[in-house]
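Notes to accompany the following structure.
The values are calculated or read from the model by the stated rules, or taken from the named source; none is laboratory data. All figures in this text were calculated on a predicted structure; none of them were measured in a lab. Positions of Cβ are generated from backbone atoms using ideal geometry, with glycine treated the same way; all protein chains shown enter the neighbour counts. To get the accessible areas, we keep the full protein, side chains included, count just its heavy atoms, and leave off ligands, DNA and RNA. Shrake-Rupley method; radii C 1.70, N 1.55, O 1.52, S 1.80 Å.
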There are 2 protein chains.
Amino acid sequence: MGFMSTPERLIEATRELLWERGYVGTSPKAIQQQAGAGQGSMYHHFAGKPDLALSAIRRTAEEMRGAAEATLGGGGTAYERISAYLLRERDVLRGCPVGRLTMDPEIIASAELRAPVDETLDWLRGRLAGIVQEGLDQGEFSAHLVPREIAAAVVATVQGGYVLARASGSPDAFDASVRGLLSLLAPVGTTQ
Amino acid sequence: MGFMSTPERLIEATRELLWERGYVGTSPKAIQQQAGAGQGSMYHHFAGKPDLALSAIRRTAEEMRGAAEATLGGGGTAYERISAYLLRERDVLRGCPVGRLTMDPEIIASAELRAPVDETLDWLRGRLAGIVQEGLDQGEFSAHLVPREIAAAVVATVQGGYVLARASGSPDAFDASVRGLLSLLAPVGTTQ
DNA sequence: GTCTATAGACCGATAGAC
DNA sequence: GTCTATCGGTCTATAGAC
């Protein structure tokens, strides 16, 4: 720590700025300042803004999968693991560093930049669907639930929770969304 | 139609561009071109980009409330009205013209620009919470559900559904999220 | 009301010295 | 590898003629 190489610092600076300001709102100049690197330095190590953004997005996506797996791969029932995922600590008002990119027109317009975003959210839905299926197999959930649909609803609740929280300037709406979904998902006969 | 005044055309152009590119990604020049108005024209009618954006956002917010009320104010049970809201036709891949603004750093940084966004999503949650309460009163839903939480989950599912759809480039994930939530919310004893 | 002209800063990138 | 200089273009206005 504190001894990151210049490419490393550029990627980290880009990750921060993409999270906070999006792709359109992030300029090479701002990246260079945040990284403490010069113009020439940045263009020596990366082909340009899209290239650097791609490296940054890939790393952020990987980190997100790791954080999700840390809660989803834990022990317990299906409900407990989904619950752990939904209730894990989050910097709610900053939003999702991956999901927020979907609102960026230039990310969506570029197949290359959109790919890691798509793959990450798709992986997450698949991972959750598998857990829901396990819950169904154990008789934990109502038999009429469709794993892929429940998984999509779980991920959407998180992504939409960020929207509500940022709109209101408080994490409360995020927490309410998550509690609402969990109350609907709670195994029958559960008092919580 | 076809005879809009210049201020009117400027507002409509701004609404389109804010929806597609966000606040940061929308320039006065682009607005002028889309509206077919000159530089001087725009600055004659509006104080600047934030002023014009405020008018545009207010109108979009009003329109969104109207569209929601059209489905939520219809007849039927609570489940049917919530279902009608969730299943109404949407331009899914364009996202929510109000919700997408929450990812814009300059919207969030400005109390004035954020206000209509906050008020609209808050109104929607309140409106839905009232309907959930009616459903509880009618014994339609499990008694342990909390109206404000279910309402938040419903709105979050929609907002997050847009994120998933845009990430994957297809409306399918949005539809799956909605179906998942509805399957969880379905009154006990319902075959659907 | 609308036009053109102008402003100073920044945009994303390239060139070439060191 | 990093630096400074430079590029044509855009950003968000403002000024002033018509």
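Of all the listed residues (B:ARG90, B:ARG114, B:ARG125), the sole one being touching a residue at least 40 places away in the same chain (Cβ under 8 Å) and of a type in the set (Lys, Arg) is B:ARG90.
Among the residues of segment A:10-54, those identified as surrounded by fewer than 19 Cβ atoms within 10 Å (Cβ to Cβ), more than 9 Å from DNA strand C (Cβ to nearest atom) and farther than 24 Å from B:ASP104 by Cβ are A:GLY36, A:ALA37, A:SER41, A:HIS45.
Only residues that are more than 10 Å from DNA strand D (Cβ to nearest atom) and either part of a loop (DSSP other than H, G, I, E, B) or within 11 Å of chain B (Cβ to nearest Cβ) (or both) were counted across segment A:28-39, and they come to 0. If you check A:LEU72, A:LEU86 for being open to solvent by less than 30 Å² (accessible area, probe 1.4 Å) and within 14 Å of A:VAL158 (Cα to Cα), only one passes: A:LEU86. Residue by residue through segment B:66-86, note down the ones that are polar (S, T, N, Q) and part of a loop (DSSP other than H, G, I, E, B). Listed by number, the list holds a single entry, B:THR77. Residues in segment A:97-121 that are open to solvent by less than 10 Å² (accessible area, probe 1.4 Å) and among the small types (Gly, Ala, Ser): A:GLY99 only. Scanning segment A:86-113 for residues that are of a type in the set (Lys, Arg) and under 16 Å from A:ARG65 (Cα atoms) yields A:ARG88, A:ARG90, A:ARG100. Looking at segment A:134-150, is at least one residue surrounded by 24 or more Cβ atoms within 10 Å (Cβ to Cβ) and facing chain B (nearest Cβ under 9 Å)? Yes - at least one qualifying residue is present in segment A:134-150.
The single residue among A:ARG179, A:ARG94, A:ARG127 that is open to solvent by 20 Å² or more (accessible area, probe 1.4 Å), more than 7 Å from chain B (Cβ to nearest Cβ), over 25 Å from B:GLY169 (Cβ atoms) and charged (D, E, K, R) turns out to be A:ARG94.
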